[in-house]
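Colleague: One structure, pasted below without further comment.
The values are calculated or read from the model by the stated rules, or taken from the named source; none is laboratory data. Bear in mind the structure is a predicted one, so any value in this text is a computation, not a measurement. Ideal geometry is used to build each Cβ from the backbone, glycine not excepted, and the neighbour counts take in all protein chains shown. SASA here: full protein model, heavy atoms, side chains in, ligands and nucleic acids out. Shrake-Rupley method; radii C 1.70, N 1.55, O 1.52, S 1.80 Å.
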Amino acid sequence: DMLSELPASAPAFVRSDLYSAGGIREENILKEYVCANKRFLYISDNKLYIYELIGGQAARLAVRDYGEEKLLGIIQGGERLAVISTGVSQPYSFSYNVPSESGADTVVSGTVERKETFVELLDASAPEKEGNKVSLSGTLAAAYLHEGRIIAVTYEEMEENGVKEDSATFMPYISDGEKHLCAADKVFMPPQPLNGGF
């Protein structure tokens, strides 16, 4: 009876509250416009506009169309800017063996597209120049600034008709042109994952 009056403990990560950690709501660091180092960047119609501010004048330096990716926002972190967008991966192939009692295994194969979050790092003093772009598997759940670093949290769950046996291939990854699977001990599995979520 005494314990029933206490509030429930706050989970460390709440998927429905994009910027909640440890029960404390964080400021949303994704911005629609940023002004840094005489550069003004803003988002409109899924395009990133970059201007140089000189005196009272503004000169357009670049416009980037993100096409089929959905542009989510800009993060300002010291001398770096990060442009965050989401989309889907290039299709990739998988195959696995289904053992049978007769000893003749059946090979099942197919292709998969996965949701991805793209992080494009730009120099704040020259964001019009091409930056480094990496992709994280999953949909952006939250982003934080911590000691000059951008921490991005993504969440992913297999589709209802996903291939349950393809668990190893389905592991979270980071891609910088080459896919690197995340170490298993760095992956958080919800206690009751929906369709095998990470």
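Colleague: I need the full set of residues from the stretch 117-155 which are part of a strand (DSSP E or B), open to solvent by less than 20 Å² (accessible area, probe 1.4 Å), in contact with a Ser or Thr (Cβ under 8 Å, 6 or more places away or on another chain) and at pLDDT 85 or above, in order please.
Modeller: Thr117, Val119, Glu120, Ser135, Ser137
Colleague: Those residues that are closer than 22 Å to Ser175 by Cβ and open to solvent by 70 Å² or more (accessible area, probe 1.4 Å), I need them from the stretch 91-109; list them, please.
Modeller: Pro91, Ser93, Ser95, Ser109
Colleague: So is Ser89 under 18 Å from Glu116 (Cα atoms), at pLDDT below 90 and in contact with a Lys or Arg (Cβ under 9 Å, 6 or more places away or on another chain) or not? Spell out how you get there, then give the answer.
Modeller: On the way: under 18 Å from Glu116 (Cα atoms): yes; at pLDDT below 90: yes; in contact with a Lys or Arg (Cβ under 9 Å, 6 or more places away or on another chain): yes.
Yes.
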